[in-house]
Amino acid sequence: MDKEETPQITRRTTRSLASATALNPDNVAETTRVINPDPPTINDLVFGGEPISLDDLISKFPGRSSQILEIVHLLGPLNSPMLPLFVYGGASTGKTSIVLQILRHLNRPFVYSSCVTCYNPRILFESILNQLLLHRKNAENGYSNAKRCERPSDFVNFLREALTNVINNFKRNLEKLNSSELAGQGTGNMIYLVFDNVQLVRAWDKSSTIVPFLFNLYDLLKLPEVGLIFISNTSPDTFYSNMGYVEPIPVYFPDYKEDDLRQIFMRNQPNRKLYSSFLDVVLRPFCRITRQMDELSTAFKPLFEKYCEPLNDLEVVPNEDMKRRLFSHFQPHISSSLNEIFKIPSLTYSEVNDNKDTKRKGNPKNLGLIELDFHMSTCAKYLLVSAFLASRNPATLDASLFDSRGGSDNRKCKRKASEKAREKKETAEQELLMKGPGTFPLERLLAIFQCITSVAEDYIDEEEERNCGLGLQEEDGGLMSDVLLQLSSLCNASFIIKGASCPLEGSTRYRSTVSEDLALKVARSIKFPLSKYLYR
């Protein structure tokens, strides 16, 4: 086949097809074309596949029309300079998919990099340069990168050079097109750098310089043809630093509402009425625990099979009597499935069964205290304990309770307190209890949260050494990843309430409403020594 007759396949399409194509030893020419595809061109920076209209894009993502229109407006018409965007929201809210589909709708070239796969600065820098330099790693080049880049200063120089070449290529291609072809082409001179899962950068080494460096790329490059889009699971407040840079424009993706989730789950269902009756039963109780699409879809798949067990024909349209029979059959399985929604770092199921008898013989009283009557993520538990300590302890004691040497557990040799001093202390404790829980600002809550999570990590490491590694597993993303989103959930559940704003500080103050017994239960479930940090 001549080179002119070879079909053009975009880079993003080839990635998905290359792994699915089986090698055929009888057809060497076909095999060679799969293993060694055509060299990448400048057109591979555009999203492959059929173009998508704005109406199809909005209908594809229910409940996200306002975010889609806002991002399209911020990107602007063809060849419009833009300020950096910061797209944020909880997990499984459609951030990445919508951003990429908008670039597909607008037919704009872009470079995508995820901080999940690019897990350190060097891999991130080299991944971006490989795409801009149209470099594909293969056996011929020893699977090497186009540039070796470890330092941010080198990355800026390489990136500016690569972007300049790409932009000049776009301009030369546009000069060759006439006005009618230009209207159909629609790529323009702009190129967009998309950084996904930016919140993970904070866990990298030297993150205190990498995070401001990424946000400062807009000023360092000084290229109006380059647009920066940052995607994160945490809000912009968690990235603020004392280094000056152009603040990105925030675009918030809230959690899906129940009606939006219903529209999403109802798509591509062969029997819509049967699945609608299933959602009538499971959607509301599960939405009270989580609204993440990945968790709900994982939970609903086996539940729907259990729901349809009494049916011989899955194409039947259920009437009211059939719905009642299906519900009575399905009801006992709902509560057990609710227990499996959250992925809480703990011992595995087999390890729990192996140690169940030992725990019962060792201290049966503690087992009843550890068990909770409700479901809560690990991050929310630490946040609830932090709020309880902030409400119970005076703010003046935070420095002594949460110092770097272990807080109140490190006691120096002191003189024996006099009877008058003991009476004064008891009176102060009684007054503190009579006043009830106090209010605290958000800054103090986050400071205590960071301190007790670091204490818990040290405690877990000691437990793992004693128990031969059968301790808590480290949670992906870190506990600080969604603390602000968890705070909103705790406020909605009335575990934490918002108080009046301080007239001097001008900031909102919070108050913990949980009892000491409940706080001790939550603390024991995460193996945190709460009693050592309470002011007595």
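Figures for the structure shown
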| quantity | calculated |
| --- | --- |
| Pairs where the first residue, in the range 40-65, is under 24 Å from Met293 (Cα atoms) and the second is part of a loop (DSSP other than H, G, I, E, B) and open to solvent by less than 80 Å² (accessible area, probe 1.4 Å), C-beta under 6 Å, 6+ apart | Phe61/Gly94; Gly63/Tyr256; Arg64/Gly94 |
| Of all residues in the range 172-216 being surrounded by fewer than 14 Cβ atoms within 10 Å (Cβ to Cβ) and of a type in the set (Lys, Arg), the one that is modelled with the highest pLDDT | Arg172 |
| When residues of the range 480-494 are limited to those that are open to solvent by 50 Å² or more (accessible area, probe 1.4 Å) and either outside any loop (DSSP other than H, G, I, E, B) or modelled with pLDDT under 80 (or both), the one farthest from Tyr256 (Cα to Cα) | Met480 |
| Within the range 287-379, helices (runs of 4 or more DSSP H) holding 2 or more residues that are among the hydrophobic types (A, V, I, L, M, F, W, C), under 30 Å from Asn492 (Cβ atoms) and modelled with pLDDT under 85 | 332-338, 364-370 |
| Subset of the range 141-153 that is touching a residue at least 12 places away in the same chain (Cβ under 8 Å) and out of contact with any His (no Cβ under 8 Å at 6 or more places or on another chain) - its residue that is nearest to Phe230 (Cα to Cα) | Pro152 |
| Filtered residues of the range 45-89 (kept if of a type in the set (Phe, Trp, Tyr) and open to solvent by 30 Å² or more (accessible area, probe 1.4 Å)) | Phe47, Tyr88 |
| Single match in Asp219, Asp237 (criterion: of a type in the set (Asp, Glu) and either open to solvent by less than 20 Å² (accessible area, probe 1.4 Å) or touching a Leu at 6+ places or on another chain (Cβ under 7 Å) (or both)) | Asp237 |
| Residues located in the range 256-267, provided they are more than 15 Å from Phe278 (Cβ to Cβ) and at pLDDT below 90 | none |
| Hey, Leu133 open to solvent by 20 Å² or more (accessible area, probe 1.4 Å) and closer than 22 Å to Gly227 by Cβ or not | yes |
| Checklist (1) open to solvent by less than 40 Å² (accessible area, probe 1.4 Å); (2) without any contact (Cβ under 8 Å) to a residue 60 or more places away in the chain; (3) under 30 Å from Ala447 (Cα atoms) applied to Arg288, failing item | (1) |
| Whichever residue in the range 519-528 is more than 12 Å from Arg392 (Cα to Cα) and buried (at least 16 other Cβ atoms within 10 Å of the Cβ) and, among such residues, is nearest to the chain's Cα centre (by Cα) | Ile526 |
| Residue match in the range 495-514 (condition: at pLDDT 50 or above and either within 22 Å of the chain's Cα centre (by Cα) or part of a helix (DSSP H, G or I) (or both)) | no |
| Count of residues meeting criterion [under 19 Å from Glu225 (Cα atoms) and among the charged types (D, E, K, R)] in the range 78-122 | 2 |
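Residue-wise test of (1) at pLDDT below 85; (2) under 26 Å from the mean Cα position of the chain (by Cα).
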{"residue": "Asn36", "(1), (2)": "yes, no"}
{"residue": "Gly49", "(1), (2)": "yes, no"}
{"residue": "Glu70", "(1), (2)": "no, yes"}
{"residue": "Ser80", "(1), (2)": "no, no"}
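The values are calculated or read from the model by the stated rules, or taken from the named source; none is laboratory data. The structure displayed is predicted, hence computed values, not measured ones. When we count neighbours, we look across all protein chains shown, and the Cβ atoms used for this are built from the backbone with ideal geometry, even at glycine. Accessible surface areas use protein heavy atoms only, side chains included; no ligands, DNA or RNA. Shrake-Rupley method; radii C 1.70, N 1.55, O 1.52, S 1.80 Å.
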